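Have a look at the structure below, then the notes.
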Amino acid sequence: MLGLQNSCIVLNAKAVNSGGGVGTDGGGKVHFKMLNPCAAAGIGQVRGHQRIPSDTKEFHEATKRDALMRLKKDLDHLLETVEETRKTGVQKEMCGFEALYHRFLQEDGPSVEWDRIEKLPEGAVKDYSTLKLPQEAHIRDMLDKLVVVKLNGGLGTSMGCHGPKSVIPVRNDLTFLDLTVQQIEHLNKKYNANVPLVLMNSFNTDVDTEKVIRKYKGFQVQIYTFNQSCYPRISRDSLLPIAKDFDIENDIDAWYPPGHGDFYQSFQNSGLLRKFIEEGREYCFLSNIDNLGATVDIKILNRLIGDDRQGDKPIEFVMEVTDKTRADVKGGTLINYENKLRLLEIAQVPKEHVDDFKSVKTFKFFNTNNIWARLESIERVLNAKTMNMEIIVNNKTLDNGMRVIQLETAVGAAMKCFDGGIGINVPRSRFLPVKKTSDLLLVMSNLYSLKYGSLVMSPQRMFPTTPLVKLGDNHFSKVKEFLSRFANIPDLIELDHLTVSGDVTFGRGVSLRGTVIIIANHGDRIDIPAGAILENKIVSGNMRILDH
């Protein structure tokens, strides 16, 4: 039986390292074989309890120690239900989960002391405008040292779609995945390069994605996939896994993918990290698949490995940030803390400082989640077991009323684990996420044109920023209903702000300019007629158009 008796967390004993190697399962999928998989999790010693005067503290310590011991038993029971062919890989994942759980129990209070946050050092964030284009002759060699990774673990359920979010049509019936493949194929053809595309799937998206990518066989893009970890949800009451066995499909609510911070360990576990290093590749560019602005940038690549590289030491980690606006106040930001650049998320901020965090003046940048990381540095940090990302505790209530906890990490939080990390203040055009139908309205409109899979803002747009759009949840949140409310997408070239609430439909050829607010009260319906031009108008439930 492959249980967790020789677990990666042991009381008063240290985990023992053991070797391993990369192999395949015969079907072309890469897997990772280890003699002692728990050693990879890098869990240090859990120190024995010491008596202290505080009865309350002693009680909490005893509770945590008991929870950890009970978790080990539960995981052993779960592992007994795993098929033999999957046990080695699953045991390795559970060691990663146990490591996260252990840290969750040990860490008290906020991970950042607000008064110790320092101003960003001079030069910590480079301005994109200072980056140089490389010589044309060098671009192919640079591209051949790059790997493009897309985070593809999300479903389209929040927008009313089934299956992976990456297969939602966003422009000219092309999906997020279609556009990504087009972008990379264009690079490969233009420069005769060989940039591979790697998709990090989750157990939610893996099967459907594998079916979809078959259609790209004739394209000049090598596509690899691997799965991020699958962790059991924890009961908020018992602090134990709610899963009873590893039949995930039959009890899918008991399991979750633990956030994109899981990328590093899962990438190494898949064997792909070592494979790409051995091929001579140096950097990966990682981004969310739903960020249509996250394309390969030759200037940034040139700063990393081209003639714009500065100094002898390589840049190990780059976080693309962009100017914060009032629409981005909840987004993560860059700070200087303990002489290291690191990501600060709103979840880490003490309640009394949330308003300070949201200040556009105090924190000028926010994280786009476009990350460039040196492959050998990822491997070094993982092997040294110094990958220490802040835990995001995600509280959820299931449909049956059960309250659960998901322990997650964010990929950008790894920045503090690397040497020589920098931020690059990029144009807003590199941050074009599609999270809601309001974002979909923008990318489907005449604000953008499509060129080799990349969205390019219209030169007719006088401002580089995109309009602020708010669409009512009751009538516009699902893609199918959203599309039914537009005879075609309105002209948005001169739009600054749009708010739509209630039962509203738009005729063909509508033009929206300046600030437009359309509100249909309950029981009312507003039909914007074909060819209407609304400029700085409020349209109320009785169709009166008033100057705004």
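The values are calculated or read from the model by the stated rules, or taken from the named source; none is laboratory data. All values derive from a computational prediction rather than experimental measurement. When we count neighbours, we look across all protein chains shown, and the Cβ atoms used for this are built from the backbone with ideal geometry, even at glycine. Side chains included, ligands, DNA and RNA excluded: accessible areas come from the protein's heavy atoms. Shrake-Rupley method; radii C 1.70, N 1.55, O 1.52, S 1.80 Å.
Roughly how many percent of the accessible protein surface of the chain is carbon and sulfur, given a 1.4 Å probe and a whole-percent answer?
On the way: 12690 of 26260 Å².
About 48 percent, which is the carbon plus sulfur part of the accessible surface.
Kindly flag which residue pairs out of LYS145/LYS189; LYS351/LYS470; LYS299/LYS416; LYS72/LYS396; LYS396/LYS480; LYS358/LYS470 have an alpha-carbon separation exceeding 18 Å in this structure.
Flagged as over cut-off: LYS351/LYS470; LYS299/LYS416; LYS72/LYS396; LYS396/LYS480; LYS358/LYS470.
Across the stretch 202-216, in residue order, what do the Karplus-derived ³J(HN,Hα) couplings come to in whole Hz, using 6.51 cos²θ - 1.76 cosθ + 1.60 with θ = phi - 60° and x for Gly and Pro?
Going residue by residue, I get 10, 4, 6, 10, 4, 4, 5, 5, 4, 5, 5, 6, 4, 6, 9 Hz, with x marking Gly and Pro.
Considering only the other residues whose Cβ falls under 11 Å of the Cβ of THR466, what net charge follows from Lys and Arg at +1 and Asp and Glu at -1?
Local net charge: 0.
If the reach is capped at under 18 angstrom between alpha carbons, list the aspartates and glutamates near LYS340, excluding any in the same chain fewer than eight residues apart.
Answer for LYS340, where 18 Å is the Cα cut-off: GLU113, ASP115, GLU118, GLU122, GLU316, GLU320, GLU390, ASP419, listed by chain and number.
In the chain, with Lys and Arg counted as +1 and Asp and Glu as -1 at Cβ, which of these residues, VAL90, HIS497, ASN152, has the Cα nearest the positive end of the dipole, that is, farthest along it?
Sorting the options by dipole projection puts first HIS497.
Pop a pseudo-label 7 angstrom from the Cα along the beta-carbon direction at both ASN488 and LYS211 and give the gap in nm to one decimal.
Rounded to a tenth, the inter-label distance reads 3.3 nm.
What is the packing order of peptides 409-418, 222-231, 393-402, taking the mean over residues of other C-beta atoms within 10 Å and listing the highest first?
409-418, 222-231, 393-402
Can you tell me which of 206-219, 86-99 comes out highest on packing, and rank the rest after it, using the mean Cβ neighbours within 10 Å?
Details: 206-219: 14.1, 86-99: 21.4.
By packing density, highest mean first, the sequence is 86-99, 206-219.
Where does each of 456-468, 68-80 land if you order them by average Cβ count within 10 Å, highest first?
Per-residue Cβ counts within 10 Å, averaged per peptide and sorted highest first, yield 68-80, 456-468.
Just to verify a number: FRET efficiency for ALA327 and ALA124, C-beta to C-beta distance, R0 = 25 Å, to 0.05? Mind dumping the intermediate values first?
Working: r = 24 Å, r/R0 = 0.97.
The calculated FRET efficiency here is 0.55.
Any idea which of LEU75, ILE526, GLN460 is furthest toward the positive side of the dipole for the chain, if Lys and Arg beta-carbons carry +1 and Asp and Glu beta-carbons -1?
GLN460
Go ahead and collect, in residue order, the members of the stretch 130-174 whose backbone nitrogen is under 17 Å from a label point 7 Å along the Cα-Cβ direction of LYS396.
Label zone hits: 152-165.
Hey, what's the stretch 437-540 come to in accessible area per residue, 1.4 Å probe, Å²?
Value for the stretch 437-540: 48 Å² per residue.
Please find the FRET efficiency linking GLU58 to ARG525, where r is the Cβ-Cβ separation and R0 is fixed at 56 Å, and quote it to the nearest 0.05. Walk me through the intermediate numbers first.
On the way: r = 64 Å, r/R0 = 1.15.
Once the sixth-power term is evaluated, E becomes 0.30.
Figure the gain on full extension for LYS385 and HIS138 (residue separation times 0.36 nm, minus the Cα-Cα span) and round it to one decimal in nm.
Value of the extension gain: 85.4 nm.
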